[in-house]
1. Which net charge results when you count Lys and Arg as +1 and Asp and Glu as -1 among the other residues whose beta-carbon is under 14 Å from that of Ala54?
2. With N denoting the number of residues in region 131-186, provide Rg(C-alpha) divided by 2.2 N^0.38 Å, to two decimal places.
Amino acid sequence: MIEGKISAESVLSFAALIAKDFEDLSFVVKHADVVELSFANTSRDVEARHQHLARLGGQAPAVVLKIETRCGFENLPDWLLTAMRAPICGVMIARGDLAVERGFERRAGVREEILWICEAAHVPVIWAIQVLETLAEDGLPSRAEISDAAMGVRAECMMLNKGTHVGEAVRVLDEILGHMQDDGSK
């Protein structure tokens, strides 16, 4: 069992991988190119995933580490060293769970630190910060979503959610990223 600090007042012990995860990996190895590792806390969680994928044989899918807990964030360099033993790995930056864990006032700083660490390790980042979510769903983006989309220019990949207006979201994202790339150098 792994201890993960959920808040200043509570500590929960849990394994990042449960029996159902190990069952699902059999299917994933046969049918997917990428598998995420969510709510992990230490490199032992990453290693357990690698070992199970190796036992299944065949070409292992890329592993994407989803940083969602304070322990995961604090152990990111160790996670990455373990994850980089696989042929392909990446990191997903999401906003919700990690913001609750680290505090909303630290959300932007934590994202910056993750980007720096991943850049230093030459590990690609997926920016999954509710990118233009209300635009994709309702046809009109929030100001915060536009800023988050612009900040995602430093990631190698951005994740859009589905919605009735997803085509418009892709067009707007392309325009935002084009402006950011043009304006990005001093």
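1. +2
2. Working: Rg = 10.9 Å, N = 56, 2.2 N^0.38 = 10.2 Å.
Ratio of Rg to 2.2 N^0.38 Å for region 131-186: 1.07.
Here, each number is a calculation from the coordinates, and none is a lab measurement. Predicted, not measured: the structure shown is a model, and the values here were computed from it. A quick note on method: Cβ atoms are made from the backbone with ideal geometry, for glycine too, and the neighbour counts reach across all protein chains shown.
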